[in-house]
Amino acid sequence: MAHAIKELYPDAKLAIGPSIADGFYYDIDCSHSITQDDLPKIEKKMKEIIKSKSPFIRKELSREDALKLFEDLGETYKLELINELDDTVISVYEEGGFVDLCRGPHLEKTNQVKAFKLLSVAGAYWRGDEKNKMLQRIYGTAFPSKDELKKHLAFLEEIKKRDHRRLGKDLDLFSMSDDIGPGLVLWHPRGAAIRRQIENFWLDEHQKSGYQILYTPHMAKLDLWQKTGHLDFYKESMYSPMEVEGQAYEIKPMNCPFHVSIFKSHMRSYKDLPLRYAELGTVYRFERSGALHGLLRVRGFTQDDAHIFCTEDQIEEEVLKVLDFTLFVLETFGFSDYIIYLSTRPDKYVGTEEGWSKSTAALEKALQHKKLNFKIDPGEGVFYGPKIDIKVRDSLGREWQCSTIQVDFNIPERLDINYRDKDSKDSRPIMIHRALMGSLERFFGVLIEHYAGAFPVWLSPVQISLLSIADRHEPFCRELLNSLINEGIRADLDAENEKIGYKIRKATLLKTPFMCIIGDKEVESKTVAIRKRNGENVGEMSVDSLLSFLRDEVSCRR
């Protein structure tokens, strides 16, 4: 692709072009603004290069020779990359007179490329830094056969249909506004109705599991974040401090220090432990504008956060309970397929090696006790402790990071929290951080794509729509509507002066689970005809039977 672009647009400069999951991309600096309309022309040139059967030839150059080669070619981005390499020998690949910087390996000849497709064009800052020049990024994919490519393109079309940003607009669930700021979510009534069900479920289940619910401020003195280590290890994800009466304050990126402060508000005994605090706490983290992506990557989000204060001997038991709780929550929302990772100590960390070893062993032992398959993710723990990450697979088989369980020896030490042990001596508790869904925004985005917007009845913003055929049927519809609302059913009435086919289509497009079509027959017999959003007719039933039917549908969380 890079060769084709250089032939079509000779002034183009090549930046970075890696392979990625299911494809590849290349960042290009080009005076010609490449659009979607240009992709077929680039593909045509690529096919000509493929037909040439040119061999890929690897060459190894000294640093000086490599710098001279790319300087002569005018490839300034390659010069910057070479200057950052520690290698004394630099490898390049050549085919058909085109040369590029690459470690390899490659195919033997161009004609071994069998099936490919250029997919899209996007903007990308050089090195992901908005202070740098905006480049043009061209995405593509390639497969060993046309059949595999065809299947993948069909898969991409299905992903487009499920895109939570498009469905969020079509179903009137959420929006973002330039007036408010990028990465900040506005929850519309329909989206807020779903969020409310998620939060109610979350609160009920946490209270059943022995958690105490907290609420904490959105900011704190900057000194607090210095004490916790966030300023040393997390500063790039935090916003600039603000001054309040001569004192520096920071908007919170985490909830944990606030929970620690509540723990410190009383003298704690070993009999109080484990102590489980939970909060739906909104936090704010700086994300570059180029990294923002709908609900999946935002700047302000609400974590389903909890912190467990326990003794060292209680770590394994508490982690086991959290694992059970996590899998129960995920399965309730329709995720029964997941991958588990155990992330170990990173290069930059706080605490002692002994503490890390103990906490890592406790997490591993809990996973083994539950007979859960897991993979070791070396060096991917957070700076204060190891963690278990659970990635769910959605209905298309895609992986999403949601749940995390982290053991922390660091913050209890830094913020100097203690409990009185059996010998009436001060001892340091262990802190377990955990989030079951991650953030409500991200989890909601994943749910939208998992269900393609067709939420199960218990989550649907409107569970049943009443569709009147004529104005004379409206009084009965309103009487039925009140009965449904009084039973806690989320129902609405479409009494517009429109044909019933239009009303059915409208409710179907909004993916409402059930519709009641009400005409003369229904008013006279005091029955309702139920239709599912997939077009299936459930049949006629009495009002009492309808209420019972809907209660069952909601209670079993289908």
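The values are calculated or read from the model by the stated rules, or taken from the named source; none is laboratory data. It should be emphasised that the depicted structure is a prediction, and the values quoted were computed from it without experimental measurement. As a convention, Cβ positions derive from the backbone with ideal geometry for all residues, glycine included, and neighbour counts pool all protein chains shown.
When E449 is tested against (1) over 30 Å from V322 (Cα atoms); (2) of a type outside the set (A, V, I, L, M); (3) within 14 Å of the chain's Cα centre (by Cα), just one condition goes unmet, and that condition is (1).
As for segment 167-178, it holds no residue that is surrounded by 13 or more Cβ atoms within 10 Å (Cβ to Cβ), among the aliphatic types (A, V, I, L, M) and in contact with a Ser or Thr (Cβ under 8 Å, 6 or more places away or on another chain).
Could you please let me know if K221 is touching a residue at least 40 places away in the same chain (Cβ under 8 Å) and within 30 Å of M242 (Cα to Cα)? It is false that K221 is touching a residue at least 40 places away in the same chain (Cβ under 8 Å) and within 30 Å of M242 (Cα to Cα).
For segment 123-130, the count of residues that are over 28 Å from L292 (Cα atoms), out of contact with any Ser or Thr (no Cβ under 8 Å at 6 or more places or on another chain) and in a helix (DSSP H, G or I) is zero. Cβ separations smaller than 6 Å between residues 6+ apart or across chains give the following pairs from segment 24-35 residues that are under 15 Å from L101 (Cβ atoms) to residues that are outside any strand (DSSP E or B) and not aliphatic (A, V, I, L, M): Y26/G17. Residue-level analysis places G501 outside the set of residues that are part of a loop (DSSP other than H, G, I, E, B), surrounded by fewer than 18 Cβ atoms within 10 Å (Cβ to Cβ), of a type in the set (G, A, S) and outside the structural domain of Y270 (by TED's automatic domain parsing).
Residues to consider are M242, M254; find the one that is at pLDDT below 95, crowded, with 16+ Cβ neighbours inside 10 Å and either touching a strand residue (DSSP E or B) at 6+ places or on another chain (Cβ under 6 Å) or within 23 Å of K321 (Cβ to Cβ) (or both). Walk me through how you get there before you give the answer.
Values: M242 fails: crowded, with 16+ Cβ neighbours inside 10 Å.
Every option except M254 fails the conditions.
Confirm whether R299 is modelled with pLDDT of 95 or more and basic (K, R). Considered against the rule, which asks whether it is modelled with pLDDT of 95 or more and basic (K, R), R299 comes out as yes.
Answer yes or no: is there a residue in segment 396-406 that is within 19 Å of D324 (Cα to Cα), in contact with a Gly (Cβ under 9 Å, 6 or more places away or on another chain) and surrounded by fewer than 18 Cβ atoms within 10 Å (Cβ to Cβ). Yes - at least one qualifying residue is present in segment 396-406. In summary, C310 fulfils each of the numbered conditions (1) out of contact with any strand residue (DSSP E or B) (no Cβ under 7 Å at 6 or more places or on another chain); (2) assigned by TED's automatic domain parsing to the domain that holds M431 with the single exception of condition (1). Residues in segment 236-269 that are free of Cβ contacts under 8 Å to residues at least 40 places away in the same chain and within 14 Å of Y284 (Cβ to Cβ): S240, P241, M242, Y249, E250, I251, K252, P253, M254. Residues in segment 64-103 that are surrounded by 18 or more Cβ atoms within 10 Å (Cβ to Cβ) and of a type in the set (D, E): E75, E95, D100.
Can you find a residue that is assigned to a strand (DSSP E or B) and either modelled with pLDDT under 95 or not assigned by TED's automatic domain parsing to the domain that holds V260 (or both) anywhere in segment 417-425? Walk me through it before giving the result.
The initial filter retains those residues of segment 417-425 that are assigned to a strand (DSSP E or B), namely 419-420.
Keeping just the survivors that are either modelled with pLDDT under 95 or not assigned by TED's automatic domain parsing to the domain that holds V260 (or both) gives none.
No, segment 417-425 contains no residue that is assigned to a strand (DSSP E or B) and either modelled with pLDDT under 95 or not assigned by TED's automatic domain parsing to the domain that holds V260 (or both).
Of the set (1) modelled with pLDDT under 95; (2) over 30 Å from P144 (Cβ atoms); (3) surrounded by 11 or more Cβ atoms within 10 Å (Cβ to Cβ), all apply to H106 but (2). Restricting attention to segment 120-148, the residues that are surrounded by 16 or more Cβ atoms within 10 Å (Cβ to Cβ), in contact (Cβ under 8 Å) with a residue 40 or more places away in the chain and either within 17 Å of L14 (Cβ to Cβ) or touching a Leu at 6+ places or on another chain (Cβ under 7 Å) (or both) add up to 11. As a summary of the residue check, D552 satisfies the conditions (1) part of a helix (DSSP H, G or I); (2) without any contact (Cβ under 8 Å) to a residue 24 or more places away in the chain; (3) more than 16 Å from S460 (Cα to Cα) except for the one numbered (3). Scanning segment 166-214 for residues being within 22 Å of the chain's Cα centre (by Cα) and on the phi > 0 side of the Ramachandran plot gives a total of 3.
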